[in-house]
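Peer 1: Before we start, here is the structure in question, set down as structure tokens.
No value in this document is a laboratory result; all are computed from the given coordinates. The structure displayed is predicted, hence computed values, not measured ones. Note that we place each Cβ from the backbone using ideal geometry, even for glycine, and neighbour counts take in every protein chain shown.
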Amino acid sequence: MSNNHQKNKVLLIEDNPGDARLIEILLKESDLSDFDIVKKESLKEGFEVLDEDSNFEAVLLDLSLPDSSGFTTLEKFLAKHPNHNIIVLTGFSDKSMGVKAVKAGAQDFLVKGMFDAEELSKSLRFSMQRSGILNRLEETQRVARIGNWECNKEISKFEASKEVFRIFEAEELLGKVKPDDLIDSKHPLHALEGIQQQTSILQSVRKDLQLTLKDGSIRYAFVQCEVVDGIFYGIIQDITDRKRTEKEMMESRERYQEIFSQSKDAIFIASLDGKLTDCNIATEKLFSVSKDALKSLEDIHIHFSPPEKRNEFLLKLKTLKSVTDFEIEIARSEGEPRHCLISANLLHDRDFQGYNAIIRDITEQKRTEELVKARDLAEESAKLKESFMASISHEMLTPMNAIFGMSNLLDQTNLDAEQKGFVKSINQSSEILLGIINDILEISTIQNGKMVFEHTSFNLHDLLFNVVNVMQYKAKEKDLFLALEIAEDIPKMLMGDKLRINQIFFNLVGNAVKFTDEGYVKIIVEKISAFEGGVHLKFVVEDTGIGIPKEKLETIFESFSRVRSKERIFEGTGLGLSIAKSLVEQQGGKIGVDSKFGEGSKFFFDMIFEVSESQEDLVPDAAKKICPDMAFDLLLVEDHKMNQLVARKTLQKKWQNINITIAENGNEAIEWLNKKTFDIILMDMQMPIMDGMETTKYIRTEMPPQIAQMPILAMTAHAHISQDGKYKELGMDDFVLKPFEPEQLFQKIATHLKKEKTVN
Ligand code: ADP
């Protein structure tokens, strides 16, 4: 209230002009001469001044005024302005009133006519000091957010500092509260009533309160209240900020606690010499030991291995104060050690030499990485294997072709019975060997996922008849009955890969014949269902052979799986069924087997086919139309002498009137083509100087039209040329696999010659 730049002010409420004048004079005489005096003559006028401006050091109050007289004047004043310094002016006759006034709350009293300038100044100075103290107290309370109150119910007095009202956000009630007001539960200060009631029972109360303010917001307060001689003395402190911080800290701690306990990474605190202070669940899991057991360990670091890594970790931690993603193994009480990354920070604490750590288990990650590496390696080696297979196939197949072909030719010459037997053995053995080589080539192609299936029209019935025709020969040798049962409602023309389906049947029927010594082999075709434009068919190959032991049934379709039997020498490679399975599955079907050891086997598979719209085979069965006395010019491009001979002899046996010209390589072939007219070319793919691919390209792009359009059949040992329609990409019309099946060779030549001739 005091202000250095303003003059100090005194309010004088006195209706006697003489008395008022006297006070003015005394004040001037005193050492406080720079006081301003505001004079009013009634209590009402005095209040009006204070309502405007309460900034007075003191109020000099005469008790007998026109609108109030005696002690009630003071009471009225205090009721309205309890915080002013009141110096009561009494007459000589009612001196005793002065003492009573001080007891009631006045600061001092002066007896009119009995005080001098010095006494007046003393009293005013005291007022100023008191104001100063009160100001500082109020300031302190404001800063500390502590208010105090006093309540005397007996004399209906309630006094509270400004801060109390500020805490309750009821500053407008300052100086206007009576003890009974607090009873009303809607009163802003009602909470204090509750405290006072508790205090009257307990004598002294300390507690935290939660206050709901007018606007609904929450405020926390600490209150302490005591009662002395029926008067309540209390302090109240606003602790909202502290509570809020505490709450935030609690929440944050809970959050961290949650992260700590939920973390998949092991988190722990330990001393540098290895005593565990705390750890989460993941730590127990990682070490596979309970928390208590970990805590009882002398040194948790014994779990860190190998020892040199453990030492390195601790040294780094001590010197660098922090370690990140350090690779270490954690030995566990049960099971394999785990590969881990540990990150740790040294803790700076005078009383504790320790660190906190997070350990991430990367065992699975490592394992996956290793698997990926192994897979990459496997893929790499599969590629190597494939190219090895491809290159070795040529090397093996060319001489095999010669052996097989020559033994066929030899068989047709004049031999005695013994010689015939030898030739037959050579022929059969080379056929078996060729089968094995082809199987190996085949499986490598399938396993590399390189298989592409044709989707062309074919006659299923013809295909099955052909299988039976070919296998009949072998069945007859063993006196077996080979039967074909096609249900009536099976459509003839389907869409699919004829060659691949053929191959499946040859594998299954071949096995059935091979492993049956008496009885029959039966091929059964049934319709599972039909739908718009297609059919779902089931194929069964049933035999009355040796059967398959139960325990072998599961692995029979795996590569290189064979049921060992001593008597049978030519069992093959164990690849046939694995190839058949891949072929069926890659065409969308499933293959299976039922078998009883010693009684027979039943292999079955299903496949869905589109029914072909063309009701006739697009490629006519040319074989039947081959005319043996056809005359035509054939250019054979082949560097291998044996193969030249086999091809020539085979072709001449079929067509007596054939004209065969032989070129040793691509260059020679082109020379011949420039000199002479041919009807068809048989082109070996692998030749020195200019290979089949280059030669074909040259013929197709560089030579005159009538030569460029000539039919060219590739001869190749590489099965993959035949797949994917690769030969077409290379510019060939068709292919024959070496060593060639004579019938296939004749058929293909006839087909392409015929086409060519009709075009011309
Ligand atoms: P392999 O080339 O040895 O015939 P497969 O994969 O075709 O290879 O067959 C694997 C094995 O399954 C054969 O060695 C044989 O023991 C058995 N097996 C296959 N088909 C039959 C069958 N119809 N009857 C009895 N055993 C069979």
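Peer 1: Rank these for me by crowding, Trp672, Trp655, Trp149, going from fewest to most other beta carbons within 10 Å.
Peer 2: Trp672, Trp655, Trp149
Peer 1: Determine, at each q value in 0.11, 0.19 (inverse angstroms), the log₁₀ of I(q)/I(0) that the Debye formula gives when each Cα of the range 456-611 is one equal point scatterer.
Peer 2: These q points yield log10 I(q)/I(0) values of -0.42, -1.23.
Peer 1: Considering the convex hull of the alpha carbon atoms of the range 145-242, report its projected area averaged over all viewing directions, in nm², one decimal.
Peer 2: 5.7 nm²
Peer 1: Counting pairwise Cα distances across the range 1-120, what percent come out greater than 17 angstrom?
Peer 2: Summing the P(r) tail past 17 Å for the range 1-120 gives 53 percent.
Peer 1: Sort Arg125, Arg255, Arg338 so that the residue with the fewest other Cβ atoms within 10 Å of its own Cβ comes first and the one with the most comes last.
Peer 2: By the 10 Å Cβ count, ascending: Arg255, Arg125, Arg338.
Peer 1: Considering only DSSP beta bridges with both partners in the chain, what is the antiparallel share in %, to the nearest 5?
Peer 2: The antiparallel fraction comes to roughly 70 percent.
Peer 1: May I pose another question? Using a Förster distance of 30 Å, how high is the FRET efficiency between Ile269 and Glu364, based on the Cβ-Cβ distance and rounded to 0.05?
Peer 2: 0.70
Peer 1: Now for a separate question. Can you list the residues of the range 199-226 with backbone N under 15 Å from a point 7 Å past the Cα of His190, pointing along Cα to Cβ?
Peer 2: The answer is 210-217.
Peer 1: Right, another one. Show me the three semi-axes of the equivalent ellipsoid for the chain, from the C-alpha gyration tensor (sqrt of 5 times each eigenvalue), largest first, rounded to whole Å.
Peer 2: Output for the chain: semi-axes of 122, 31, 28 Å.
Peer 1: Also: Taking the beta-carbon count within 10 Å as an exposure proxy, list Tyr520, Tyr256 from fewest neighbours to most.
Peer 2: Lowest to highest Cβ neighbour count: Tyr256, Tyr520.
Peer 1: Using 1/(1 + (r/R0)^6) with R0 = 45 angstrom and r between the beta carbons of Ile707 and Phe422, what's the FRET efficiency to the nearest 0.05?
Peer 2: 0.50
Peer 1: Which order do peptides 600-609, 49-58 fall in by mean Cβ count within 10 Å, highest first?
Peer 2: Final packing ranking: 600-609, 49-58.
Peer 1: Further question on the same structure: Would any residue of the range 143-157 have its amide N under 20 Å from a label point 7 Å out along Cα→Cβ of Leu213? List them or say none.
Peer 2: 143-149
Peer 1: Mind running the shape call on the range 369-447? Use the C-alpha gyration tensor, a ≥ b ≥ c as the square roots of the eigenvalues: rounded below 1.5 for a/c, prolate if a/b tops b/c, oblate otherwise.
Peer 2: Here the range 369-447 falls in the prolate category.
Peer 1: Please work out whether the range 402-509 counts as rounded, prolate or oblate from its C-alpha gyration tensor, where a ≥ b ≥ c are the square roots of the eigenvalues and a/c under 1.5 means rounded, while otherwise a/b larger than b/c means prolate and anything else oblate?
Peer 2: Taking the square roots of the gyration eigenvalues as a ≥ b ≥ c, the range 402-509 is oblate.
Peer 1: Which pairs, out of Lys40/Lys80; Lys80/Lys103; Lys39/Lys176, put more than 19 Å between their alpha-carbon atoms?
Peer 2: Long pairs (Cα-Cα over 19 Å): Lys39/Lys176.
Peer 1: Past 23 Å, Cα to Cα, is the threshold; run Lys424/Lys653; Lys675/Lys738; Lys153/Lys214 against it and keep the listed order.
Peer 2: Going by Cα-Cα distance, Lys675/Lys738; Lys153/Lys214 fall outside the 23 Å limit.
Peer 1: Another question, then. What pairs from Lys385/Lys552; Lys9/Lys112; Lys243/Lys291 go past 31 Å between their alpha carbons?
Peer 2: The pairs that break the limit, which is 31 Å between Cα atoms, are Lys243/Lys291.
Peer 1: Take each complete run of DSSP H in the chain, measure how far its Cα atoms stretch along the helix's own axis, and keep only those covering 30 Å or more with mean Kyte-Doolittle hydropathy at least -1.0; list them.
Peer 2: 117-144, 363-411, 417-447
Peer 1: Restricting to Cα atoms and excluding each atom paired with itself, what does the Kirkwood estimate give for the range 621-759 in Å?
Peer 2: 14.9 Å
Peer 1: Between Glu518 and Arg21, what is 0.36 nm times their sequence separation minus the Cα-Cα distance? Round to one decimal in nm.
Peer 2: 163.5 nm
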